[in-house]
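Here the structure is laid out as structure tokens; the discussion comes afterwards.
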Amino acid sequence: MPNLSYIDGNYYDYYDSKIHINDRGYHFGDAVYEVILYNQGVFYDFDDHINRLFRSLHSIDIQFSISKKTIKLIVKNLIRLNKISFGSVYIQVSRGIADRNHTFNNLNIKPILTIITSKKHNNINNDIIGVKAITVRDNRWARPDIKTTQLLPNVLAKTKANKQGAYESIFIDDEGYVTEGSSSNIWIINKDNEIITRSIDGKILSGITRKTIAKFSKLNDLTVIENKFSKDEMLNAKEVFLTSASSFVTPITEIDNVKINEGVVGEMSIKLKTLYFKNFENL
Ligand code: PDD
């Protein structure tokens with residue numbers, strides 16, 4: 001099966017897909033990225049993801065001249081060449097290649113666009129399984145709202161979870177409130193069936209799946225509240241779930257060894273996951 005990648009203007013086979021040693025993404029995590037879900041001809045929220053990519057580029061002052069339309073063409077090409085029917089697209093833009101030096105002031109370098117696709121097993125119609133999570137202190141930098149590749153705290157947090165047999169780590173801020181997962185947004189459902197997720201207050205990534213789930217919920221007369229909630233509220237919630245482009249809507253049924261909803265996947269989580277895929281099917 002072909003596995004081609006796009007690097008700075010060309011398509012390469014997997015083993016030839018190489019980045020220069022002086023790429024600032026490699027040295028400093030001086031790069032931004034997006035992950036987009038693809039399912040049989042449909043890119044989920046493509047424009048929202050690309051718009052966020054451009055916001056991230058702007059936030060860290062990367063002067064990027066490739067258009068959104070061109071990115072879409074390349075992505076479509078790769079999906080076709082790699083014969084993907086279900087999977088995801090990873091798009092990264094690094095500031096470019098230069099001798100290692102912290103500053104990028106007056107550097108005349110060209111940003112490097114790279115795009116990778118990955119095939120996934122399509123388990124949309126399988127039973128919806130709940131996962132375990134742990135909580136960890138949120139020790140990330142003060143701009144988690146920018147989607148940069150500088151992800152070491154997230155990498156360490158997720159690995160800690162996985163080593164304990166859990167799927168995700170949930171970051172808790174210094175005041176005891178939930179911020180988000182290491183690679184997802186976190187939601188709770190309270191006893192009144194209100195769906196709560198932290199507001200876009202600069203302490204989380206403005207998740208695209210989060211935005212879509214909020215929209216679909218409201219369209220289906222469900223109450224969505226954007227407000228921060230504490231770790232205790234989460235542990236006592238009726239249901240907890242996470243959202244991301246790679247995990248869609250995934251119910252969390254145990255956190256720090258405390259069972260949520262007696263360890264059973266809740267009705268609302270199932271409803272929202274079903275709603276998520278149904279709405280895109282109807283596009
Ligand atoms: N991560 N918060 C963080 C820290 C994330 O890394 C992600 C996604 C999200 C959810 O955002 P979205 O719904 O737009 O995917 C929230 C991607 C999937 C990743 O890093 O692989």
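Run the simple label-point estimate for TYR15 and ILE270 please: 7 Å along Cα→C-beta, distance reported in nm.
Spacing of the two 7 Å Cα→Cβ label points: 4.8 nm.
In degrees, nearest 10, range 0 to 90: what is the angle between the Cα axis of helix 267-281 and the longest Cα principal axis of the chain?
40
Let me check against my output: what whole-number percent is the relative contact order of the range 1-71, with C-alpha pairs under 8 Å and at least 6 apart? Display every interim value, and only then the final one.
Numbers: 37 pairs, mean separation 10.9, N = 71.
Here the relative contact order equals 15 percent.
For the range 89-168, rounded, prolate or oblate, judged on the Cα gyration tensor with a ≥ b ≥ c (square roots of eigenvalues), a/c < 1.5 rounded, else prolate if a/b > b/c?
Oblate is the answer for the range 89-168, as a/c is 1.5 or above yet b/c matches or exceeds a/b.
Can you list the lysines whose alpha carbon is less than 27 Å from that of LYS83, not counting same-chain residues fewer than 8 positions off?
LYS18, LYS68, LYS69, LYS72, LYS119, LYS120, LYS273, LYS278
Only Lys, Arg, Asp and Glu count, each charged at its Cβ (+1, +1, -1, -1), so figure out the dipole size of the chain about its Cα centre, rounded to 20 debye.
Value, rounded to 20: 740 debye.
Calculate how steeply helix 46-59 sits against the longest principal axis of the alpha-carbon atoms of the chain, using the helix alpha-carbon long axis, and give the answer as 0 to 90 degrees to the nearest 10.
The angle comes out at about 70 degrees.
Name the shape class, rounded, prolate or oblate, that the alpha-carbon gyration tensor gives for the range 163-283, where a ≥ b ≥ c are the square roots of its eigenvalues, rounded holds for a/c under 1.5, and otherwise prolate holds if a/b is larger than b/c and oblate otherwise.
Rounded is the answer for the range 163-283, as its axis ratio a/c remains below 1.5.
Let me have the 222 nm mean residue ellipticity of the chain computed from DSSP H runs of 4+ only, each contributing -39500 (n - 2.57), with the sum over all residues rounded to the nearest 500.
Result for the chain, helices only: -8000 deg cm²/dmol.
Report the one residue of ILE112, ILE129, TYR11 whose Cα lies farthest in the direction of the positive end of the charge dipole of the chain (charges on C-beta: Lys and Arg +1, Asp and Glu -1; origin at the Cα centre).
TYR11
Using the heavy atoms of the protein chains and a 1.4 angstrom probe, tell me the accessible area per residue for the chain in square angstrom.
Here the per-residue accessible area is 51 Å².
Hey, rough spin-label estimate for ASN22 and SER246, points 7 angstrom out along Cα→Cβ, what's it come to in nanometres?
Here the answer is 3.1 nm between the modelled labels.
Taking the highest mean first, how do the peptides 130-139, 58-67, 240-249 order by number of other beta carbon atoms within 10 angstrom per residue?
Working: 130-139: 18.7, 58-67: 12.9, 240-249: 23.5.
Going from most to least packed, we get 240-249, 130-139, 58-67.
Quick one: with all protein chains in place, what share of the accessible area of the range 4-119 is carbon or sulfur, to the nearest percent (1.4 Å probe)?
Details: 3030 of 6150 Å².
Carbon and sulfur: 49 percent of the exposed surface of the range 4-119.
Using a Förster distance of 22 Å, how high is the FRET efficiency between ASN279 and LYS68, based on the Cβ-Cβ distance and rounded to 0.05?
Details: r = 23 Å, r/R0 = 1.04.
About 0.45, to the nearest 0.05.
Mean 1/r over all different Cα pairs, inverted: what Kirkwood radius does the range 4-119 give, in Å? Don't jump to the answer; show the numbers that get you there.
Values: mean 1/r = 0.0681 Å⁻¹.
It works out to 14.7 Å.
Rounded, prolate or oblate for the range 40-180? Axes are the square roots of the Cα gyration tensor eigenvalues, ordered a ≥ b ≥ c, and the cut-off for rounded is a/c under 1.5. List each step's numbers first, then the result.
Numbers: a/c = 2.19, a/b = 1.12, b/c = 1.95.
Oblate is the answer for the range 40-180, as a/c is 1.5 or above yet b/c matches or exceeds a/b.
Leaving ligands and nucleic acids out of the surface, order LYS158, LYS83 by accessible area at 1.4 Å, largest first.
Reading off the accessible areas and sorting them downward yields LYS83, LYS158.
On average over all directions, what projected area in square nanometres does the chain have, based on the convex hull of its Cα atoms? Present the calculation step by step, with values, prior to reporting the outcome.
Working: hull surface 61.3 nm².
The orientation-averaged projected area of the Cα hull of the chain comes to 15.3 nm².
Angle check, please: helix 152-163 long axis (alpha carbons) against the longest principal axis of the chain (alpha carbons), in degrees 0 to 90, nearest 10.
The answer is roughly 50 degrees.
The values are calculated or read from the model by the stated rules, or taken from the named source; none is laboratory data. Quick caveat: nothing in here was measured; it's all calculated off a predicted structure. Note that we place each Cβ from the backbone using ideal geometry, even for glycine, and neighbour counts take in every protein chain shown. We work out accessible area using only protein heavy atoms, side chains counted, and drop any ligands, DNA or RNA first. Shrake-Rupley method; radii C 1.70, N 1.55, O 1.52, S 1.80 Å.
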